[in-house]
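Report on one structure; see the data block that follows.
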Amino acid sequence: MSDPYYDPNEYPQRPSEPPRLNPVPDLPPKRPPGEGGSAPWPSAPASGEMDGNLMPTRVPLPPNGAPATPSDRVRIGLWGAPHSGKTTYLAAVPIAAMQQARYGHAGWAVSGMNAESNEFLASGVTQLESDRVFPDATVGLRPLSWSFQGAEQPFGRFRRQREVGFVLEVQDVAGEVYGRDEEHALRPRILDQLARSQGLVYLFDPLLDGKPATRSLDYFYSMLNELNTRVRDAGTLHRNRLPHHVAVCVTKFDHPEVFRPAVEAGWVTQDSVGAQLPRVPAEHAARYFRWMCDEFRGSSARLVRDGLASFFHPERISYYVSSAIGFRLNPQHVFDYRNYHNVEYVDGVARICTSPVPVNVLEPLTDLERRIRSASRRRRPW
Ligand SMILES: Nc1nc2c(ncn2[C@@H]2O[C@H](COP(=O)(O)OP(=O)(O)OP(=O)(O)O)[C@@H](O)[C@H]2O)c(=O)[nH]1
Ligand SMILES: [Mg+2]
């Protein structure tokens, strides 16, 4: 997209030149026979010389199989303080996607659109599920591009399940870039990405927020302010506020310091079937977040909540209570309130005790995509 400041919620126009999905090498222009110098035209190596008998690889296509258009893509910025769980959240996405099949839903198939994105998916699943460790802290910025193929759950009465496919573009970046240091080398790139995104997933870690050195506000306000300046100056505010759809996720719900107070304050219900997982019902998540900021954390958390509600359209914000690794389950694969903490320390290293069952990891992404898609349909000029 040549104009980085388009309104992310406008239905995308077809660009004059289609985006290049794959680094297809630039081939030298063909010369008519007999024209030009005497040096022999270098002949491309036969495919057999390069790959043996491997099938040639094609340019990646979005899930609907049609050539890519910008409307197949949804750009989502992932925002959160250092250590708030961004990389673990992303690593849990393919696990959550596959596990949907357990609950009788048609699962989502998530796969990379390029080698780096595939590598991230594979190593994330290996770390969380096979090695039961957390990913390392992120260094720099990793752009990721994943295709989602699946079926949307029926929404509202009389709706049928719909097959949906889209490409999610998201980034994993070291959380320090969101801090107060406006001179951080990656700051312009991440600002650009957030400004170009149609949706944001904002991770709020109640554990970090409780410590003065890692208060959420210090990784929130200065970036929010710069983002607003950039979007305002580009003239792409939507009804005087930032145009993004936002998913606010309270993270690490499995942690006893987050979970126990929520149980004691009466926010948590428990499934009566399957693994009998506890959860904050979706319809109470916004009020839970308000309670978390008002009662459980301090005045700076309240300012994060107020900042979200003043810079974005409140009706474009949704709330989730999530855990990337989920709860420890007993050998029968059922939640047990006596022993639910899913992290243990072995030789000072945090390890995940039982197979991760992520809570509210996929939903923020697929809900955002649906909201963005339906908002752009409503704004289509035809
Ligand atoms: N209990 C619990 N702890 C988590 C969860 N996700 C992450 N953590 C903890 O938080 C730490 C940081 O997680 P990361 O995913 O690396 O956080 P990040 O936001 O990517 O951090 P940076 O890359 O430094 O910005 C992990 O090492 C875990 O100790 C979760 O779902 N539950
Ligand atoms: Mg990280």
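The values are calculated or read from the model by the stated rules, or taken from the named source; none is laboratory data. Note that this is a predicted model, so its numbers are computed, not measured. Don't worry about glycine lacking a Cβ; one is built from the backbone with ideal geometry, like all the others, and counts go over all protein chains shown.
Just a few scattered comments:
So that you can scan it fast, the table gives a plain yes or no per residue for (1) within 16 Å of ligand 2 (Cβ to nearest atom); (2) over 25 Å from HIS83 (Cβ atoms):
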{"position": "GLY179", "(1), (2)": "yes, no"}
{"position": "ALA213", "(1), (2)": "no, no"}
{"position": "GLY235", "(1), (2)": "no, yes"}
{"position": "HIS245", "(1), (2)": "no, yes"}
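- For region 346-362, filtered to residues that are at pLDDT 95 or above and not aliphatic (A, V, I, L, M), the residue that is nearest to ALA324 (Cα to Cα) is PRO358.
- Identity of the residue in region 75-112, part of a helix (DSSP H, G or I) and free of Cβ contacts under 8 Å to residues at least 40 places away in the same chain, that ends up farthest from LEU194 (Cα to Cα): ALA101
- Residue match in region 120-135 (condition: within 26 Å of GLU163 (Cα to Cα) and in a loop (DSSP other than H, G, I, E, B)): no
- You will find that of VAL357, VAL304, the residue that is β-branched (Val, Ile, Thr) and part of a helix (DSSP H, G or I) is VAL304 and no other.
- Only one of the listed residues (ASP172, ASP131, ASP136, ASP192) is more than 16 Å from the chain's Cα centre (by Cα) and within 16 Å of ligand 2 (Cβ to nearest atom). That residue is ASP136.
- Qualifying residue in region 238-248 (condition: in contact with a strand residue (DSSP E or B) (Cβ under 9 Å, 6 or more places away or on another chain), surrounded by 17 or more Cβ atoms within 10 Å (Cβ to Cβ) and assigned to a loop (DSSP other than H, G, I, E, B)): yes
- Applying the criterion of being in contact with a strand residue (DSSP E or B) (Cβ under 6 Å, 6 or more places away or on another chain) and within 16 Å of ligand 2 (Cβ to nearest atom) to the residues of region 324-358, the residue that is farthest from GLY85 (Cα to Cα) is ALA350.
- Tally of residues being buried (at least 18 other Cβ atoms within 10 Å of the Cβ) and out of contact with any helix residue (DSSP H, G or I) (no Cβ under 7 Å at 6 or more places or on another chain) across region 292-309: 1
- Considering only residues in region 301-317 that are touching a Leu at 6+ places or on another chain (Cβ under 8 Å) and under 28 Å from PRO278 (Cβ atoms), the one that is modelled with the lowest pLDDT turns out to be ALA301.
- Residue among PHE289, PHE259, PHE312 that alone is in contact (Cβ under 8 Å) with a residue 60 or more places away in the chain, under 25 Å from GLN99 (Cα atoms) and surrounded by 18 or more Cβ atoms within 10 Å (Cβ to Cβ): PHE259
- Exactly one residue out of ARG180, ARG160, ARG260, ARG189 is out of contact with any strand residue (DSSP E or B) (no Cβ under 8 Å at 6 or more places or on another chain), of a type outside the set (Asp, Glu) and at pLDDT 95 or above, and it is ARG260.
- Only listed residue being more than 16 Å from ligand 1 (Cβ to nearest atom) and either under 24 Å from the mean Cα position of the chain (by Cα) or among the polar types (S, T, N, Q) (or both), chosen from ARG232, ARG279, ARG297, ARG241: ARG241
- Residues of region 108-124 classified as of a type outside the set (Phe, Trp, Tyr) and crowded, with 18+ Cβ neighbours inside 10 Å, total: 6
- Reported count of residues in region 197-213, each being surrounded by 18 or more Cβ atoms within 10 Å (Cβ to Cβ) and in a helix (DSSP H, G or I), is 3.
- Qualifying residue in region 216-224 (condition: within 16 Å of ligand 2 (Cβ to nearest atom), of a type outside the set (S, T, N, Q) and surrounded by fewer than 19 Cβ atoms within 10 Å (Cβ to Cβ)): no
- Restricting VAL349, VAL343, VAL357 to those that are surrounded by fewer than 17 Cβ atoms within 10 Å (Cβ to Cβ), under 20 Å from LEU203 (Cα atoms) and touching a residue at least 60 places away in the same chain (Cβ under 8 Å) reduces the list to VAL343.
- In a residue-by-residue description of region 323-338, the property of being among the acidic types (Asp, Glu), over 23 Å from the mean Cα position of the chain (by Cα), surrounded by fewer than 16 Cβ atoms within 10 Å (Cβ to Cβ) and in a loop (DSSP other than H, G, I, E, B) applies to at least one position.
- One residue from VAL110, VAL125, VAL133 being more than 16 Å from ligand 1 (Cβ to nearest atom) and more than 24 Å from ARG316 (Cα to Cα): VAL110
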